[in-house]
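> Structure provided below as structure tokens; questions to follow.
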Amino acid sequence: MNRNLWLLALCQGLFLTNNVTFIAINGLVGFAMAPLGWMATLPVMGYVVGSALSTSLVAQSQSRFGRRTSFQLGLLVACVSALVGAWAVYSHNFWLLVGTTVVAGYYAANGQLYRFAAAELALPAFRDKAVSWVLAGGLIGAIAGPNLAGQTRSLTVTPFVGAYLALAGVALLGMVLMAGIAFPAPPVAKHQAAPGRPLWEILRQPVFAVACAAASLGYGVMNLLMAATPLAMQQCGLGFDDAAVVLQWHVIGMFAPGFFTGTLIKRFGVMQVMAVGVVLNVACIAVALTGVALLQFEIALFLLGVGWNFLFTGSTTLSLDAYRPEEKDRAQAAINFCVFAVMALTSFASGALITTQGWTLLNLGSLFPVLLTALALGWLAWQRRTGRLGAA
């Protein structure tokens, strides 16, 4: 870890503080303001839809202006959208809240590239550990996010307005930290330089396709269950403070393994670590199906977080050797677009299913993407075992 990586890890922590606070409050605010109950998670869905729509714009800004300028622009959007969100809640304007979360997705599309930027700030032999350690910075979000939501929700007469105002301050702090990071200069474009392969050719590679699928489905399962948790706990008679604690343990599970996931990948291999992530997702669902007590929510969401970490860190590492330096912007944008597209679908499904079908059927339904992830990993392992492709 060098100075740049430490600062980037702190920015990752602030990014997750924003995300966790959004998850903790947007579903509840949406439920209170939405015209119909099934629309409760539309503000959460708006965030990830905006992220998906922004991936191409972010890729262009990264390519044209470099990492730091693009990241700073994302933080500026986060600050402004948080202020507009505060006004939307204060004025009880549901559709303005949905709209501003769509715009805030531009920040999420930038923040999802922090892990790729980490690989560029370390020596090649340590890039998997750099990715893992920067993702571990999300522990800040595990502690700060739920506490920020809990401590600021009653600061103003209108509940949760203070939380959105606090998020604007979090974005400003992120801008200060980002200004201190020295990113590698973007390569100078040459007239004769190869533009890299077409995106379709990159996507056709088995290693890249599986990495993209695992990142998307792993994030989708995590988002499906996490976004529904505050509403499910409210339906079960548990309070907001209980939901904040559960989300805190969930995000600890997401990012605490970052201190050793890179080491596990080096020792046992990326495919094995990702397979354990799938098993942990199954364990999460099994625990969730045993009951709706606070402890069961805590254990299930913690297991879900660790499973996500193994899948997401592993898929990021797996993808790094599937594209060339001149192809990184379009390849990374493609992965993030798939992630956000699946997240958008699961955000909508989360609210619709939890309000109409309940917690049990929601968990049973999440077994389908977990099974798809297992099949994708098994297929890639078979491809390698039969010698159809080299090591990633």
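The values are calculated or read from the model by the stated rules, or taken from the named source; none is laboratory data. As the structure is a computational prediction, the values presented were derived from the model and not from experiment. Positions of Cβ are generated from backbone atoms using ideal geometry, with glycine treated the same way; all protein chains shown enter the neighbour counts.
> Filtering the stretch 81-107 down to residues that are assigned to a helix (DSSP H, G or I) and polar (S, T, N, Q), which residue is surrounded by the fewest Cβ atoms within 10 Å (Cβ to Cβ)?
Once the filter is applied, the top-ranked residue is T100.
> Has the stretch 284-295 got at least one residue that is surrounded by fewer than 19 Cβ atoms within 10 Å (Cβ to Cβ), at pLDDT below 95 and closer than 16 Å to L139 by Cα?
Checked the stretch 284-295: no residue is surrounded by fewer than 19 Cβ atoms within 10 Å (Cβ to Cβ), at pLDDT below 95 and closer than 16 Å to L139 by Cα.
> Could you tell me which residue of the stretch 120-135 is surrounded by the fewest Cβ atoms within 10 Å (Cβ to Cβ), considering only residues that are touching a helix residue (DSSP H, G or I) at 6+ places or on another chain (Cβ under 6 Å) and farther than 13 Å from T263 by Cα?
Per the criteria, the residue is A122.
> Just the residues that are crowded, with 22+ Cβ neighbours inside 10 Å and of a type in the set (G, A, S), please, taken from the stretch 27-42.
G27, G30, A40
> Counting only residues that are more than 17 Å from L217 (Cβ to Cβ) and in contact (Cβ under 8 Å) with a residue 40 or more places away in the chain, give me the helices (runs of 4 or more DSSP H) lying completely in the stretch 247-347 with at least 2 of them.
So the answer is 261-268, 294-319.
> Looking at this structure, is F31 farther than 28 Å from R330 by Cβ and either at pLDDT 90 or above or touching a His at 6+ places or on another chain (Cβ under 9 Å) (or both)?
Answer is no for this residue.
> Separate question: Residues L155, L172, L148: which one is touching a helix residue (DSSP H, G or I) at 6+ places or on another chain (Cβ under 8 Å) and either surrounded by 22 or more Cβ atoms within 10 Å (Cβ to Cβ) or under 30 Å from P124 (Cα atoms) (or both)?
Going through L155, L172, L148 in turn, just one is touching a helix residue (DSSP H, G or I) at 6+ places or on another chain (Cβ under 8 Å) and either surrounded by 22 or more Cβ atoms within 10 Å (Cβ to Cβ) or under 30 Å from P124 (Cα atoms) (or both): L148.
> A further question on this structure: Please list, ordered by residue number, the helices (runs of 4 or more DSSP H) wholly in the stretch 143-243 having 3 or more residues that are closer than 30 Å to L364 by Cα.
Correct list: 206-235.
> Out of curiosity, is Q383 closer than 26 Å to I265 by Cβ, surrounded by fewer than 19 Cβ atoms within 10 Å (Cβ to Cβ), in contact (Cβ under 8 Å) with a residue 12 or more places away in the chain and not charged (D, E, K, R)?
Against the criterion (closer than 26 Å to I265 by Cβ, surrounded by fewer than 19 Cβ atoms within 10 Å (Cβ to Cβ), in contact (Cβ under 8 Å) with a residue 12 or more places away in the chain and not charged (D, E, K, R)), Q383 qualifies.
> Kindly check whether there is at least one residue in the stretch 326-337 that is charged (D, E, K, R), under 28 Å from F259 (Cα atoms), more than 21 Å from the chain's Cα centre (by Cα) and modelled with pLDDT of 85 or more.
Looking through the stretch 326-337, none of the residues is charged (D, E, K, R), under 28 Å from F259 (Cα atoms), more than 21 Å from the chain's Cα centre (by Cα) and modelled with pLDDT of 85 or more.
> Here's another thing I want to ask about it. Given the condition of a type in the set (A, V, I, L, M) and over 19 Å from L380 (Cβ atoms), answer yes or no: does some residue in the stretch 305-313 qualify?
Yes, the stretch 305-313 contains a residue that is of a type in the set (A, V, I, L, M) and over 19 Å from L380 (Cβ atoms).
The rows are residues; the columns are (1) touching a Leu at 6+ places or on another chain (Cβ under 7 Å); (2) within 25 Å of L16 (Cα to Cα); (3) surrounded by fewer than 19 Cβ atoms within 10 Å (Cβ to Cβ); (4) of a type in the set (S, T, N, Q).
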position: D321; (1), (2), (3), (4): no, no, yes, no
position: R324; (1), (2), (3), (4): no, no, yes, no
position: V342; (1), (2), (3), (4): yes, yes, no, no
position: N363; (1), (2), (3), (4): yes, yes, no, yes
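> Anything in the stretch 43-65 that is over 15 Å from L113 (Cβ atoms) and surrounded by fewer than 24 Cβ atoms within 10 Å (Cβ to Cβ)? List them, or say none.
Within the stretch 43-65, V49, L53 meet the criteria.
> With respect to Q72, is the statement that it is out of contact with any Ser or Thr (no Cβ under 7 Å at 6 or more places or on another chain) and among the polar types (S, T, N, Q) true?
yes
> Mind checking which residues of the stretch 66-79 are touching a helix residue (DSSP H, G or I) at 6+ places or on another chain (Cβ under 8 Å) and within 23 Å of G196 (Cβ to Cβ)?
If the condition is that a residue be touching a helix residue (DSSP H, G or I) at 6+ places or on another chain (Cβ under 8 Å) and within 23 Å of G196 (Cβ to Cβ), then R67, R68, T69, S70, F71 are the ones that fit.
> Moving to a separate point now. Please verify whether F348 is surrounded by fewer than 22 Cβ atoms within 10 Å (Cβ to Cβ), under 17 Å from the mean Cα position of the chain (by Cα) and not charged (D, E, K, R), treating the condition exactly as stated.
yes
> Still on this structure, please answer the following. Given the options G196, G239, name the one that is farther than 28 Å from A163 by Cβ, surrounded by fewer than 24 Cβ atoms within 10 Å (Cβ to Cβ) and modelled with pLDDT under 85.
Among G196, G239, only G196 is farther than 28 Å from A163 by Cβ, surrounded by fewer than 24 Cβ atoms within 10 Å (Cβ to Cβ) and modelled with pLDDT under 85.
> Answer yes if at least one residue in the stretch 189-200 is under 21 Å from the mean Cα position of the chain (by Cα) and among the small types (G, A, S), and no otherwise.
No - not one qualifying residue is present in the stretch 189-200.
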